[in-house]
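Comments concern the structure below.
The values are calculated or read from the model by the stated rules, or taken from the named source; none is laboratory data. Everything numeric here is computed off the predicted structure, so don't read it as measured data. Positions of Cβ are generated from backbone atoms using ideal geometry, with glycine treated the same way; all protein chains shown enter the neighbour counts.
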Amino acid sequence: MDLLHVTRRIFRSRWPDCRLQTAEQRLLGHARIGDLPGSEAPRAWFEWVRHGRDDELAAVCAHNRQDLLSLAVLPAALHRSHNDPASAGADVLACARHQRQALKGEAGDRSAFEYLARHRPLLETQGLLELARLARRRRRWDLAVELWEQLAAAGVSVAIEHLAKYYEHEERDLERALEATARLLAGAPCDRDHRRRAARLRARLARPRR
């Protein structure tokens, strides 16, 4: 198992880098002191092979020993980070996507949905949009609309567009759909899709009611 991929997936957007020593410091609370950088190990090795100098071989062995010890306990720390992202500062959306990919299909979607819903207070804009998308797929319109309204209040245009589509096609509330579209046009007056939607809604509202 290559733990670098798992670590990058969960912490890439949170840490400056995902090197093993960074993971040690952040997840294990361990900082190496007087450690020989791994990049120096080949040079130390060839100094011994070519010239018989073994000054730094002990440091190379100590460095490799620390690597192995860290790798032995890191999986448990990554597992804890996934289960409790708040304590480790993990990327909740990345954890949910990893879970969805691991299970695949409906089971993956359900698992990701439940994970995001459980950690909703930690979600940023993209995470809330993903939770809303999964809620829509599960016909949980109440939750999807609640999330879109929350994001729309913060000026997220994608959420406003979802509301416009929802009110037009699901609720058949053309007036609210037009209101949402007007908000979109206020931010992007030249957008063709928004202009076409507004024209279509106005035309439908102008038709005589049966």
Handout entry: Filter pass, Arg100 being closer than 28 Å to Leu28 by Cα and either touching a Phe, Trp or Tyr at 6+ places or on another chain (Cβ under 9 Å) or modelled with pLDDT of 95 or more (or both)
Key = yes
Problem - Scope region 143-166; condition surrounded by fewer than 19 Cβ atoms within 10 Å (Cβ to Cβ) and in a helix (DSSP H, G or I); matching residues - result: Leu143, Glu146, Glu149, Gln150, Ala153, Ser157, Val158, Lys165
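Take Ala102 and tell me if it is under 25 Å from the mean Cα position of the chain (by Cα), assigned to a helix (DSSP H, G or I) and either among the β-branched types (Val, Ile, Thr) or loosely packed, with under 13 Cβ neighbours inside 10 Å (or both).
yes
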Problem - Criterion (in contact with a helix residue (DSSP H, G or I) (Cβ under 8 Å, 6 or more places away or on another chain), surrounded by fewer than 19 Cβ atoms within 10 Å (Cβ to Cβ) and of a type outside the set (Ser, Thr, Tyr)) met by exactly one of Val73, Val60 - result: Val73
Exercise for the section: Among the helices (runs of 4 or more DSSP H) lying completely within region 1-81, list those that include at least 1 residues that are of a type in the set (D, E, K, R), modelled with pLDDT under 95 and within 22 Å of the chain's Cα centre (by Cα). Expected result: 3-11
Handout entry: Residue satisfying all of: in region 167-210; touching a His at 6+ places or on another chain (Cβ under 7 Å) and assigned to a helix (DSSP H, G or I); farthest from Val145 (Cα to Cα) among these
Key = Leu185
